[in-house]
Amino acid sequence: MSQPVVASLVAALPMPAVAIGPNERIETANEAAVRLFGEGIEGRHFITALRQPGLLDAIEGGLREGQRRQADVLTHDRGQDLVFRATVAPAQLREGALQGRGVLVILEDVTPMEKAGQMRRDFVANVSHELRTPLTALMGFIETLKGPAREDPQARERFLGIMEAEAGRMNRLVGDLLSLSRVEADERMRPAERVALGGLLRSCLNGLAPLAAEAGVTLVDALPAGEDGPEIPGDPDQLRQVFGNLVENAIKYGGRGCEVRLSMDPPAYEPRLRATGVCVRVSDTGPGISEIHLPRLTERFYRVDNHRSREMGGTGLGLAIVKHIVNRHRGRLRIESAPSAGSTFSVVLPVD
Ligand code: ADP
């Protein structure tokens, strides 16, 4: 193969690629490689041009032993960490057995894969941690009931009560994990059914009236009176889960004496959807949330106050589920809140 042919092959590759000759100098580098390693690398010795220890070892091995090697290259671009997987392949760059033997280095951007792997590992670690806490408590109480508290009916009652609460927490966590995985699985598939949103919201509110009464919270029905509509494309169970979660959070975190209001605007053009949509708002007069937490609230297991969330029986998954369901409905979720000014969670859903 002649040099111009190698150069045009390297130039045609969509990922960073360089060819290194038997004299250990870079013979040709494509545009993507120049973006990655900097201008003027052609003609330079590969050690001074590429400067990544793992990659240099792989190239040296490739040149010396004529074997295929791999190495990961870590770099950053505009504040973002990137991972490239480099394949170093021996290549006959010119005629002549020895004089022509060099290597081709091709780099594949594996950042999204690495990120997904990291997210999966974090998620498994989080779930294990969340399950371990109630499980440890349960095991401790079983031990106590088998031993010291065996003949103490009062202690037994109290411990069984706590065990019930801890088992309930595990049950809610597993239920929320299953919901989350179901919603994620069909997030691409928009619901085909049509739902009367007004009626669904009213029944959600009625269902939560006992919880509000018990918590000393006033629920205000500010929905258009006597209307069941508008009809929108939606999955009724999932929409019930969205508004159930939002109203329940408002009750839980609003606290005694607070007011929780559910309202809905008539369908109108929604710039956020670039289509006609209906906006539903759940607002509370509770303690509010400081601005730094707002962008992270819908992350799995993100809580403003860990202790309070656990005390309230929270799993830390409620808003993550809400976000995925709203996405599936091609809607938008917006959270507005400030310390001591209450919170408003608004959901905009397309009507067609
Ligand atoms: P949790 O199971 O902890 O309630 P969520 O995902 O539903 O999990 O909510 C995440 C966090 O957002 C909560 O732990 C809480 O700190 C905060 N939060 C949610 N809704 C409200 C609200 N209405 N007022 C104040 N804080 C809230």
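The values are calculated or read from the model by the stated rules, or taken from the named source; none is laboratory data. Just so it is clear, the model here is predicted, and its values are computed rather than measured. Neighbour counts are summed over all protein chains in view; Cβ atoms, including those assigned to glycine, are modelled from backbone coordinates with ideal geometry. Each accessible area value is taken on the protein alone, full model and side chains, heavy atoms only, with ligands, DNA and RNA left out. Shrake-Rupley method; radii C 1.70, N 1.55, O 1.52, S 1.80 Å.
If you take the residues in the range 77-88 that are more than 21 Å from A58 (Cα to Cα) and assigned to a strand (DSSP E or B), which one is most open to solvent (accessible area, probe 1.4 Å)? Write out each step before concluding.
Quick first cut of the range 77-88, residues more than 21 Å from A58 (Cα to Cα) only: 77-81.
Next cut, assigned to a strand (DSSP E or B) only: 77, 80-81.
Numbers: D77: 68, Q80: 86, D81: 112 Å².
Once the filter is applied, the top-ranked residue is D81.
Can you name the strands (runs of 3 or more DSSP E) wholly within the range 168-233 that have at least 2 residues being open to solvent by 70 Å² or more (accessible area, probe 1.4 Å), at pLDDT below 95 and β-branched (V, I, T)?
Per the criteria, no element qualifies.
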**OP:** List the helices (runs of 4 or more DSSP H) that sit entirely inside the range 235-352 and contain at least 1 residues that are buried (at least 16 other Cβ atoms within 10 Å of the Cβ) and at positive phi.
**Re:** none
**OP:** Kindly check whether there is at least one residue in the range 118-126 that is among the aromatic types (F, W, Y) and under 19 Å from H324 (Cα atoms).
**Re:** yes
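Within the range 301-336, can you find the residues that are more than 7 Å from the ligand (Cβ to nearest atom), of a type outside the set (K, R) and more than 16 Å from the chain's Cα centre (by Cα)? Let's see the steps before the verdict.
Going through the range 301-336, the residues more than 7 Å from the ligand (Cβ to nearest atom) turn out to be 301, 306-307, 310-311, 313, 321-336.
If we keep only those that are of a type outside the set (K, R) too, we end up with 301, 306-307, 311, 313, 321-322, 324-327, 329, 331, 333, 335-336.
Matches in the range 301-336: N306, H307, E311, G313, H329, G331, I335, E336.
Just checking, does the range 247-264 include any residue being in contact with a strand residue (DSSP E or B) (Cβ under 7 Å, 6 or more places away or on another chain), more than 8 Å from the ligand (Cβ to nearest atom), under 27 Å from V217 (Cα atoms) and without any contact (Cβ under 8 Å) to a residue 24 or more places away in the chain? It would help to see each step written out before you state the result.
Let us first name the residues in the range 247-264 that are in contact with a strand residue (DSSP E or B) (Cβ under 7 Å, 6 or more places away or on another chain), namely 247, 250-251, 254, 258-264.
If we keep only those that are more than 8 Å from the ligand (Cβ to nearest atom) too, we end up with 247, 251, 258-264.
Filter once more, so that each one left must be under 27 Å from V217 (Cα atoms): 247, 251, 258-264.
Checking which are without any contact (Cβ under 8 Å) to a residue 24 or more places away in the chain leaves us with none.
No, the range 247-264 has no match at all.
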Original post:
Can you tell me which residue in the range 104-141 is farthest from D176 (Cα to Cα), limited to those that are open to solvent by less than 80 Å² (accessible area, probe 1.4 Å) and β-branched (V, I, T)?
Top reply: V105
